[in-house]
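**Q** Okay, handing you the structure first.
The values are calculated or read from the model by the stated rules, or taken from the named source; none is laboratory data. What you are looking at is a predicted structure, and each value in this text was computed from that prediction instead of being measured. For neighbour counting, all protein chains shown are included, and Cβ atoms are generated from backbone atoms with ideal geometry for every residue, glycine included. Calculation scope for accessible area: heavy atoms of the full protein, side chains included, ligands and nucleic acids excluded. Shrake-Rupley method; radii C 1.70, N 1.55, O 1.52, S 1.80 Å.
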Amino acid sequence: MKKLVVIFISVFIVSHLAAEDGSRLWLRFQETKKEATDSKLFRSNRKSPTITIALDELNRYWKGPAVDLIADKKAGTIKDGYKISYKGGKISISAARDIGLLYGVYHLLRLQQTGKDATALNVEERPSYERRILNHWDNLDGSIERGYAGRSLWQWSQLPDTLSPRYEAYARANASIGINGTVLNNVNANPQILTPEYLLKVKALADLFRPYGLTVYLSVNFAAPKAIGGLPDADPLNKDVQQWWKNKVKEIYALIPDFGGLLVKANSEGQSGPQDYGRTHADGANMLADALKPYQGIVMWRAFVYSPTKEDRAKQACQEFVPLDGQFRDNVIIQIKNGPIDFQPREPFSPLFGALRHTQEMIEFQITQEYLGHSKQLVYLAPLFEETLQSDTYSDGKGATVAKITDGSLRPARVTAIAGVANTGDEVNWCGHPFAQSNWYAFGRLAWNHNLPSEQIADEWIRMTFTPDERFVRPVKDMMMSSRETCVNYMMPYGLHHIFAFNQHYGPEPWGDIPGGRADWMPWYYHNADTTGVGFDRTATGSNAVAQYFPSLNDVYGDISRCPENLLLWFHHVPWEYKLKNGGSLWDNLCYRYDEGVQQVRSYQKVWDRLETWVDAQRFREVQSRLRIQAKDALIWKDACLLYFQTFSGQPIPYDIERPVNELDELKEQIRIKHNSTL
Ligand code: GCW
């Protein structure tokens with residue numbers, strides 16, 4: 001009998017929770033049953049499509065007291081900000097813009113969903129950045145560069161006539177976390193996006209997104225005037241080229257009056273740019289800025305530029321852009337990746353932050369996990385984002401954090417913005433890994449408030465996405481909060497970087513070499529392992545990249561005894577027997593770190609398996625099977641890196657940790673086969 005009851009209960013739990021496929025993201029509000037007259041509980045002094053959405057959300061999901069939405073140009077709120085107050089049994093949300101009211105409604109729903117008290121409120125919110133933008137690396141053929149959650153959400157062949165219901169769901173998800181811009185296409189841009197045919201498709205999306213406050217931007221190919229405009233060149237000083245862009249921008253604004261602007265990857269990784277014509281990045285950016293200026297559009301010009309010269313790749317962005325400081329128009333903003341190389345598991349912040357004193361700067365994060373385990377590994381990225389934003393650049397003495405440099409508080413800025421490379425695709429759960437949704441969420445929340453602790457964001461997300469029950473929230477939060485460091489441990493501890501398998505950037509390939517290939521794409525370029533030690537000497541005796549940082553930070557980074565250990569091999573070539581702060585040698589510590597990473601993933605498996613009763617069957621299994629993959633892959637990372645580096649260190653792997661279970665030659669062969677199958 002007892003057994004039967006147990007079976008009955010577990011069947012009940014499973015079937016009760018089984019309906020979840022992750023498609024609702026963190027927006028798992030429960031419909032409230034209201035009488036028709038209840039809609040009077042929610043009122044606004046203004047009508048607009050945005051306010052209709054806000055009222056509808058309240059009607060469907062809000063269980064608390066009556067809410068007034070007060071649109072008031074003089075509400076005293078900044079930009080998209082809002083105020084929420086509670087008086088006489090009623091909640092009022094006031095905002096200068098309609099979108100502020102919608103954001104306020106999502107604030108209330110978030111409180112409700114996370115089990116927080118939604119009365120006794122006295123809240124004023126204002127965004128850290130005016131433009132909070134997703135960058136989609138989506139191609140027009142439906143593929144996504146570095147996308148791991150299926151194909152593009154944009155069904156270009158069916159647009160503009162057929163509109164997928166996911167477009168609106170996407171806009172709503174973004175609005176719920178304050179994201180207000182989206183660059184629809186890959187920075188490796190197909191010029192076709194600017195043809196009249198595609199612009200009509202873009203307009204259809206812009207029209208759908210507008211009520212959710214989501215503005216559309218496009219990436220453009222600098223050579224477009226040549227590629228689709230029939231001009232002989234794309235020289236930014238050529239009057240015909242300038243006129244072509246002016247006409248094109250006019251055409252865009254005639255279709256999309258609130259179009260946001262253009263994103264450009266120029267003279268980088270094979271993309272064309274002004275340097276093709278002996279012009280500078282400023283010449284190129286300003287030409288586009290002049291075309292956009294009459295419509296209040298902006299240019300986001302990427303600083304991700306490097307070429308295979310003898311110069312350390314980490315130095316090249318500063319070398320290119322610092323001499324141009326002050327030459328950019330006031331509607332240009334330089335979009336800088338968080339680190340000087342490329343979205344690695346850990347990098348120092350890019351030294352370009354703060355180095356441009358008369359040029360607006362924005363940060364670009366990567367939400368899609370190109371270098372952090374794709375959609376197979378559980379890695380919560382908010383601690384990485386937070387680490388960079390709170391890094392002190394010392395550009396203006398102590399306290400000049402990347403956050404303050406980019407949000408306009410340290411230096412006046414006409415445009416403030418932040419970008420994240422999206423991790424969405426057409427998979428049912430949007431992001432592939434159920435936990436990858438947390439990275440989209442976290443990016444939005446940090447873009448709204450860059451001082452939010454990543455732990456608080458994780459807490460909110462878990463409660464909304466799974467359950468507010470503490471017995472679930474606590475262990476899952478611990479797992480998320482340590483997950484980025486875990487990934488660093490089993491992939492690239494102590495500042496190692498870019499030792500990934502060529503091109504696919506998933507597994508390890510520290511031995512990787514393509515004879516005659518670009519040195520700056522080869523792992524050995526970055527790790528420099530030899531019998532004396534490992535790491536990239538970026539001090540004065542090496543590339544001297546440390547000199548690009550401000551004093552006193554450059555002294556710290558440049559001094560092996562003061563350099564933070566988590567960046568040691570980024571800045572120094574360190575002898576294998578060098579003693580770290582704990583007294584152990586670099587080699588021994590490296591081994592312990594890799595092993596620790598493996599053990600941490602195994603501990604996540606244990607944590608997750610114990611939580612089965614709290615999660616619906618589908619999402620439970622999806623996470624469970626991905627953790628199994630992650631555990632296997634962490635072991636591959638450890639064995640590959642330790643066995644490979646051991647060929648240089650010549651030292652034993654400390655006897656108190658698990659022995660490698662893979663042969664180096666077999667690992668090399670496996671990766672080689674993988675390469676061939678993806679070619
Ligand atoms: O990280 C590298 C990626 C490229 C990407 C490039 C960039 C869009 O491997 O796929 O191209 O960065 O940011 O431009």
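**Q** Cα centroids of the range 217-273 and the range 463-526: how far apart, whole angstrom?
**A** Here the two parts' Cα centres lie 36 Å apart.
**Q** Taking the alpha-carbon distance from K581 and a cut-off under 17 Å, which aspartates and glutamates remain once sequence neighbours fewer than 8 residues away in the same chain are dropped?
**A** Qualifying aspartates and glutamates at Cα under 17 Å: D559, E565.
**Q** K250: which lysines have alpha carbons under 24 Å from its alpha carbon, excluding same-chain residues fewer than 8 sequence positions away?
**A** K201, K203, K226, K239, K265, K293
**Q** Here's a follow-up. So what's the range 463-622 giving for Cα Rg divided by 2.2 N^0.38 Å, two decimals?
**A** 1.29
**Q** Taking only C-alpha pairs under 8 Å that are 6+ residues apart, what is the relative contact order of the range 287-426 in percent?
**A** 21
**Q** While we're on this one: Quick check on packing: order 400-410, 663-673, 376-386 by the mean number of other C-beta atoms within 10 Å, highest mean leading.
**A** Top to bottom by mean Cβ count within 10 Å: 376-386, 400-410, 663-673.
**Q** Using a 1.4 Å probe, how large is the accessible area of E251, given in Å² and rounded to the nearest 10?
**A** E251 has an accessible surface of roughly 60 Å² with all protein chains in place.
**Q** State the percentage of accessible surface on the chain attributable to carbon and sulfur atoms; use a 1.4 Å probe and exclude ligands, DNA and RNA.
**A** Using a 1.4 Å probe with all protein chains present, the chain comes out at 52 percent carbon and sulfur.
**Q** Pairs of Cα atoms under 8 Å, at least six residues apart: use those to get the relative contact order of the range 534-653, whole percent.
**A** With pairs under 8 Å counted, the relative contact order is 20 percent.
**Q** Provide Rg over Rh for the range 310-360; use the alpha carbon set for both Rg and the Kirkwood Rh (inverse mean inverse pair distance).
**A** Taking Rh as the inverse mean 1/r over Cα pairs, Rg/Rh reads 0.99.
**Q** Compactness ratio of the range 119-263: Cα Rg over 2.2 N^0.38 Å, N = residue count?
**A** Compared with the compact-globule rule of thumb, the range 119-263 sits at 1.16.
**Q** Using R₀ = 45 Å, calculate the FRET efficiency as 1/(1 + (r/R₀)^6) where r is the Cβ-Cβ separation of Y253 and K668; round to 0.05.
**A** 0.25
**Q** Let me ask another. Give or take rounding to whole Å, what are the principal axis extents of the alpha carbon atoms in the chain, in descending order?
**A** Over the chain, Cα extents along the principal axes are 86, 79, 49 Å.
**Q** Would you please put 20-32, 266-278 in order of how densely packed they are, using the mean number of other Cβ atoms within 10 angstrom per residue and starting with the highest?
**A** Per-residue mean Cβ counts within 10 Å order the peptides as 266-278, 20-32.
**Q** Using label points projected 7 Å from each Cα along Cα→Cβ, tell me how many nm separate R60 and V661, to one decimal.
**A** 4.7
**Q** A further question follows. For the pair R414 and I629, what calculated FRET efficiency results from E = 1/(1 + (r/R0)^6), where r is the Cβ-Cβ distance and R0 = 45 Å, to the nearest 0.05?
**A** The computed FRET efficiency comes out at 0.45.
**Q** Under a plain spin-label model, where a point goes 7 Å from the Cα along Cα-to-Cβ, how far apart in nm are E455 and L163?
**A** Here the modelled spin labels are 4.4 nm apart.
**Q** Still on this structure: Quick one: which residues, 5 or more positions from N135 or on another chain, have an amide H under 5 Å from its amide H? H modelled 1.01 Å from N in the peptide plane, none for Pro or chain starts.
**A** Residues meeting the criterion, in which the H sits 1.01 Å from N, are V183, G420, V421, A422.
**Q** Which value in Å does the Kirkwood hydrodynamic radius of the range 552-662 take, with 1/r averaged over all unlike C-alpha pairs and then inverted?
**A** 16.3
**Q** Also: Going highest first, how would you order 344-352, 523-531, 635-643, 304-312 by mean Cβ packing within 10 Å?
**A** Ranked from most to least packed, the peptides come out as 344-352, 635-643, 523-531, 304-312.
**Q** Another question about this same structure. Where nothing but the Cβ of Lys and Arg (+1) and of Asp and Glu (-1) is charged, how large is the charge dipole of the chain around its Cα centre, in debye to the nearest 20?
**A** Using only the charged Cβ atoms, the result is roughly 2220 debye.
**Q** Within the range 74-97, which residues have the backbone N less than 16 Å from the label spot 7 Å out from D117 along Cα→beta-carbon, could you tell me?
**A** Within reach of a label on D117, which here means backbone N under 16 Å from a point 7 Å along Cα→Cβ, the range 74-97 contributes 85-91.
**Q** Please give the calculated 222 nm ellipticity per residue for the chain, where each DSSP H segment of at least 4 residues contributes -39500 (n - 2.57) and the sum is spread over every residue; nearest 500 deg cm²/dmol?
**A** -12000 deg cm²/dmol
**Q** Rule-of-thumb check for the range 65-180: C-alpha Rg over 2.2 N^0.38 Å?
**A** Ratio of Cα Rg to 2.2 N^0.38 Å: 1.33.
**Q** Moving to a separate point now. Over 5 Å intervals from 0, what percent of Cα-Cα pairs in the range 58-119 sits in each interval?
**A** Here the calculated profile for the range 58-119 is 4, 21, 30, 25, 15, 6, 0.
**Q** Where Lys and Arg each count +1 and Asp and Glu each count -1, what net charge lies around Q548 among other residues with Cβ under 14 Å from its Cβ?
**A** Local charge sum for Q548: -3.
**Q** FRET efficiency for E577 and K40, Cβ-Cβ distance as r, R0 = 60 Å, nearest 0.05?
**A** Calculated transfer efficiency: 0.20.
**Q** Take the residue pairs K315/K337; K246/K337; K83/K398 and return only those whose Cα atoms are more than 21 Å apart.
**A** K246/K337; K83/K398, as the Cα separations exceed 21 Å there.
**Q** With a point put 7 Å past each Cα toward its Cβ, work out how far D240 is from T195 in nm, to one decimal.
**A** 2.1
**Q** Cα to Cα, under 22 Å, and not fewer than 8 places away if on the same chain: which lysines meet these conditions relative to K477?
**A** Within the straight-line limit of under 22 Å, K477 reaches these lysines: K116, K376, K606.
**Q** Another question, then. Defining a contact as two alpha carbons under 8 Å apart and six or more residues distant in sequence, what relative contact order in percent does the chain show?
**A** RCO, the chain: 12 percent.
**Q** Moving to a separate point now. Accessible area per residue for the chain in Å², computed with a 1.4 Å probe and the full protein assembly in place, what is it?
**A** Normalised by residue count, the accessible surface of the chain is 39 Å².
**Q** By how many nm would the segment from W524 to K310 grow when fully extended, if each residue of separation counts as 0.36 nm and the alpha-carbon distance is taken off?
**A** Full extension from W524 to K310 adds 75.6 nm.
**Q** If I require 27 Å or longer along the helix axis, counting alpha carbons, and a Kyte-Doolittle average no lower than -1.0, what helices from the chain are left? Use full DSSP H segments.
**A** Going by DSSP H runs, the hits are 470-491, 617-649.
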